[in-house]
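Student: Below are the structure tokens for one structure; questions will follow.
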2 protein chains.
Amino acid sequence: MMKCVSCKDEYGAVDAGTCRECYEEASETEEELKLEIEELKAKVNFLRFWAPLDSRPHHYHRSTTPCFTDVLLVAFDQDSGKPIANSVPVPANKAVLASRSPVFRAMLETEMEESLSGTIKLSDVSYDALRAFVNYLYTAEACLDDEMACDLLVLGDKYEVKHLKSYCEKFLISKLNWETSLMSYSFAHRHNANNLLEAALSLILDNMDQLSKREEYMELLEKDPRLLVEIYEAYLSKQVNTAAAAGGGHDDKKKKVCG
Amino acid sequence: MMKCVSCKDEYGAVDAGTCRECYEEASETEEELKLEIEELKAKVNFLRFWAPLDSRPHHYHRSTTPCFTDVLLVAFDQDSGKPIANSVPVPANKAVLASRSPVFRAMLETEMEESLSGTIKLSDVSYDALRAFVNYLYTAEACLDDEMACDLLVLGDKYEVKHLKSYCEKFLISKLNWETSLMSYSFAHRHNANNLLEAALSLILDNMDQLSKREEYMELLEKDPRLLVEIYEAYLSKQVNTAAAAGGGHDDKKKKVCG
């Protein structure tokens with residue numbers, strides 16, 4: 001019996017882990033990784049901007065100072081042609097917008113309406129989502145719930161802010177379940193969220209027997225039947241692959257028996 | 001004998017490290033830390049700006065685009081009252097400068113000369129150091145040699161860019177040796193670099209017998225004798241502490257013998 005230097009329990013040959021040298025090396029590696037994390041966190045803090053509308057209490061002294069903003073973002077109602085109710089323009093810096101989003105860069109660098117007027121109109125976005133979006137561009141931080149994650153994913157896709165999009169995708173994947181998988185699949189399809197799409201599809205393929213019983217199935221059949229076709233295609237392709245793998249396995253077995 | 005799951009060598013009880021469970025836990029932790037590092041690196045990349053003067057080849061497409069800069073930094077010769085030779089103004093964004101440095105913020109937010117003229121004059125700085133300084137404010141990156149580390153530490157201290165200062169200090173501490181320790185000590189003193197100061201002092205205290213033989217010693221005696229006094233004071237205080245510790249140890253020993 002030997003004594004584990006970590007948990008102090010005794011162990012036998014079956015439960016053997018590492019020798020002392022490897023243990024010490026691993027501990028050193030862990031320390032180094034932790035140090036690297038500390039340094040990266042400090043870097044993130046240094047590079048992070050306070051956002052123009054940041055109202056977190058501990059950032060109070062920052063939010064009250066001007067930020068040399070040179071552009072306004074307005075949540076716009078496409079139907080009425082007016083800013084949406086209870087919203088005010090969100091101030092921002094062209095340099096920040098252009099640095100984070102190729103779409104904003106193109107808008108601002110060319111002599112487009114946005115660059116001339118100093119105002120960027122965003123349609124189909126709530127005032128809260130717009131504020132959270134701008135805040136993310138400055139800080140790489142957002143407080144997500146299901147709705148906000150969807151709203152920000154849409155904006156991340158539209159304005160090509162990959163980092164935000166992948167952040168929201170990770171959140172939505174972590175919340176995926178069978179109940180929501182079909183709507184998530186359709187949502188991911190609309191907004192080019194491939195990771196979410198795959199995760200949702202995989203969940204759907206595991207529950208094919210219940211698929212057509214779902215309410216959303218009828219909705220999709222009405223609105224976007226091609227999506228359902230894609231699901232069935234994926235199911236078929238998975239079945240063919242599984243059969244091929246099983247067949248291959250069978251062949252191997254046969255060979256062994258014959259050999 | 002047991003077999004180490006990491007290096008595959010056999011080991012006996014004396015060289016025992018961990019049991020398998022602890023080994024697996026440690027491996028998981030390592031994976032998680034690596035994942036966190038990847039995420040933080042992505043965040044750093046997202047938050048990093050391209051600097052207005054960035055000329056790295058793979059950032060070419062970025063450096064050629066305008067950056068909505070609204071302020072100019074000029075390396076200035078205090079004696080002649082003119083920009084230093086072969087230098088051009090370095091464009092920057094007020095928002096970035098104010099976000100990274102409380103000194104710049106104060107300059108730009110109040111109705112000072114800098115804020116009115118849109119030009120900030122920096123004296124006692126080379127053109128290269130100024131460019132590197134601005135680049136660091138945008139990217140948290142700098143290519144250091146001894147001279148550049150000193151130049152940037154001075155700027156980091158003057159403009160209160162703590163992250164840059166500590167970055168340069170770390171570099172200079174890693175390069176410390178007995179030959180340079182006295183000048184480093186004096187330099188650290190001038191620019192409030194406490195970590196570098198302590199590291200240099202510790203090296204000096206380990207070589208007190210050779211201290212007064214050094215050329216720089218005579219220079220310091222001439223220019224700033226108080227620094228030498230501080231070194232002697234630290235030496236004395238260390239001696240007293242060592243004696244006290246030895247005395248305490250001696251007492252313990254006596255007690256043990258008596259007991």
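Values quoted throughout were computed directly from the atomic coordinates according to the rules given, and no laboratory measurement underlies them. Please read all numbers here as calculations on a predicted model, not as lab measurements. Quick reminder, even Gly has a Cβ in these numbers, built from the backbone with ideal geometry, and neighbours come from all protein chains shown.
Student: Take every residue in peptide B:34-41, count the Cβ atoms of other chains within 10 Å of its Cβ, and give the average of those counts.
Tutor: 4
Student: How would you rank B:LEU197, B:LEU72, going from fewest to most other Cβ atoms within 10 Å of each one's own Cβ?
Tutor: B:LEU72, B:LEU197
Student: Kindly give Rg over Rh for segment A:2-47, based on alpha-carbon atoms, with the Kirkwood expression for the hydrodynamic radius.
Tutor: Ratio value, two decimals: 1.26.
Student: Now, a different point. Let me have the 222 nm mean residue ellipticity of chain B computed from DSSP H runs of 4+ only, each contributing -39500 (n - 2.57), with the sum over all residues rounded to the nearest 500. Write out the running numbers ahead of the final one.
Tutor: Values: 13 runs with 164 residues, N = 259.
Only helices count here, giving -20000 deg cm²/dmol.
Student: Let me spell out the model: positive unit charges on the Cβ of Lys and Arg, negative unit charges on the Cβ of Asp and Glu, origin at the Cα centre of the protein assembly as shown. What dipole size does that give, in debye rounded to 20?
Tutor: That gives the protein assembly as shown a dipole magnitude of about 140 debye.
Student: Next up: What's the Kirkwood radius of chain B in Å, using all Cα pairs? Walk me through the intermediate numbers first.
Tutor: Numbers: mean 1/r = 0.0432 Å⁻¹.
Result for chain B, one decimal place: 23.2 Å.
Student: Residue by residue, what Karplus-based ³J(HN,Hα) values in Hz, rounded to whole numbers, does segment A:168-174 have, using 6.51, -1.76 and 1.60 with θ = phi - 60° and x for Gly and Pro?
Tutor: Result, ordered by residue: 5, 4, 4, 4, 5, 5, 5 Hz.
Student: If each residue's Cβ is checked for other Cβ atoms within 10 Å, how do B:PHE104, B:PHE46 rank with the fewest at the top? It would help to have the intermediate numbers written out before the result.
Tutor: Numbers: B:PHE104 23, B:PHE46 20.
Lowest count first: B:PHE46, B:PHE104.
Student: Taking the label point as lying 7 angstrom from Cα along the Cα-to-Cβ axis, what are the distances from B:GLU10 to the corresponding position in the remaining copies, in ascending order and in nanometres?
Tutor: Copy-to-copy label distances for B:GLU10: 2.2 nm.
Student: In addition: Among DSSP beta bridges lying fully in the protein assembly as shown, give the percent that are antiparallel, nearest 5.
Tutor: The antiparallel fraction comes to roughly 65 percent.
Student: Per-residue HN-Hα couplings for segment A:109-123, Karplus 6.51 cos²θ - 1.76 cosθ + 1.60 at θ = phi - 60°, whole Hz, x for Gly and Pro?
Tutor: Calculated HN-Hα couplings, in order: 7, 9, 7, 8, 3, 4, 6, 6, 8, x, 10, 10, 9, 10, 9 Hz.
Student: Let me ask another. Let me confirm one metric for peptide B:97-106, namely the mean number of other chain beta-carbon atoms within 10 Å of its residues' beta-carbons.
Tutor: 3
Student: Within a 10 angstrom radius of each residue's Cβ in A:88-95, how many Cβ atoms of other chains show up on average? Whole number is fine.
Tutor: Values: counts 0, 0, 0, 0, 1, 7, 7, 14.
Per-residue shielding by partner chains comes out at 4.
Student: Any idea what the A:TYR232 label distances to the other copies are, label 7 Å down the Cα→Cβ vector, nm, shortest first?
Tutor: Its label point is 9.6 nm from the equivalent points in the other copies.
Student: A further question follows. What nm distances, shortest first, do you get from the label point of A:PRO102 to those in the other copies when the point sits 7 angstrom along Cα to Cβ?
Tutor: 4.1
Student: Equivalent-ellipsoid semi-axes (√(5λ), Cα gyration tensor) for the protein assembly as shown, whole Å, largest first?
Tutor: 52, 44, 20
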